[in-house]
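To start, the structure under review is shown below, and the notes come after it.
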Amino acid sequence: MSDYKKGDIIKGQVSGITRYGIFVHVDLSYDGLIHISEISSEFVSNIEDFVSMGEIIYCEVLEVDESSSHLKLSIKNINYKSETEPNTIEETRLGFLPLKNALPGWIEDKLKEYNKTE
């Protein structure tokens with residue numbers, strides 16, 4: 001069973017650039033492809049405007065083919081060159097307590113703001 005699943009954000013190294021996409025080396029077991037349609041929402045005329053050979057990037061897993069150890073990847077909707085891992089939130093021991101404590105004040109402020117506009 002694969003360590004990867006759809007929606008995961010993973011780190012990989014650009015191992016090849018072709019006219020139709022980017023090959024990414026993920027680990028000893030898995031490699032992936034970012035099809036040109038998964039690079040940007042805009043028209044992509046030169047893939048090397050986005051990545052270069054050997055560069056470490058983040059990718060979103062679209063599909064996992066366990067039989068061939070191949071991943072279909074995307075960088076279209078994520079910050080793929082981020083210095084810090086995307087979509088990570090540092091948890092504190094307080095959890096939601098600060099939000100719970102602040103919520104009544106936020107509600108009161110909004111109600112005052114709303115009542116002023118009427």
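Once you charge only the Cβ atoms, +1 for Lys and Arg and -1 for Asp and Glu, what is the size of the charge dipole of the chain about its Cα centre, to the nearest 20 debye?
320
Run the helix sum for the chain: -39,500 (n - 2.57) per DSSP H stretch of 4+ residues, divided by residue count, reported at 222 nm to the nearest 500 deg cm²/dmol.
-6000 deg cm²/dmol
Of Asp65, Asp31, Asp49, which has the largest mean-square fluctuation in a 10 Å C-alpha GNM of the chain?
Residue with maximal mean-square fluctuation among Asp65, Asp31, Asp49: Asp49.
Rounding to the nearest 10 and keeping the result within 0 to 90°, find how far the Cα-based axis of helix 97-117 lies from the longest principal axis of the chain.
70
Hey, what do the phi angles of region 15-28 turn into as Karplus ³J(HN,Hα) couplings, whole Hz, using 6.51/-1.76/1.60 and θ = phi - 60°, x for Gly and Pro?
Calculated HN-Hα couplings, in order: 10, x, 10, 10, 5, 10, x, 10, 8, 10, 8, 9, 7, 5 Hz.
Specify which labelled value, from [x] 59, 36, 24; [y] 78, 36, 20; [z] 81, 28, 19, agrees with Cα extents along the principal axes in Å derived from the coordinates of the model shown.
[x]
For region 30-47, what does the Karplus curve 6.51 cos²θ - 1.76 cosθ + 1.60, with θ = phi - 60°, yield as ³J(HN,Hα) per residue in whole Hz, taken in order and with x for Gly and Pro?
Here the 3J(HN,Hα) series is 10, 10, x, 10, 9, 5, 3, 6, 9, 8, 7, 6, 8, 5, 9, 8, 9, 4 Hz.
Taking H as built 1.01 Å from N, whose amide H comes closer than 5 Å to the amide H of His70, not counting residues under 5 places away?
Asp65
Arranged from highest to lowest average of other beta-carbon atoms within 10 Å per residue, in what order do the peptides 16-27, 102-113 appear?
In decreasing order of mean packing, 16-27, 102-113 become 16-27, 102-113.
Work out, step by step, the length gained on full extension between Glu55 and Lys100: first 0.36 nm times the residue separation, then minus their alpha carbon distance; give nm to one decimal.
Taking 0.36 nm per residue and subtracting the Cα distance, the gain is 11.9 nm.
Using +1 at the Cβ of each Lys and Arg and -1 at the Cβ of each Asp and Glu in the chain, identify which of Ile47, Thr117, His25 lies farthest towards the dipole's positive end.
Positive-end residue among those listed: Thr117.
With θ set to phi - 60°, apply the Karplus curve 6.51 cos²θ - 1.76 cosθ + 1.60 along region 4-13 and write out the HN-Hα couplings as whole Hz, x wherever there is a Gly or Pro.
Couplings: 10, 9, 3, x, 5, 9, 10, 9, x, 10 Hz.
Identify all lysines with a Cα-Cα distance to Lys81 below 19 Å; exclude those on the same chain that are fewer than 8 residues away in sequence.
Correct list for Lys81: Lys11, Lys72.
Where a number appears in this text, it was derived from the coordinates with a stated rule and is not lab data. Keep in mind the model is a prediction, meaning the values are calculated, not measured. Here the Cβ is made from the backbone with ideal geometry for all residues, glycine too, and neighbour counts use every protein chain on show.
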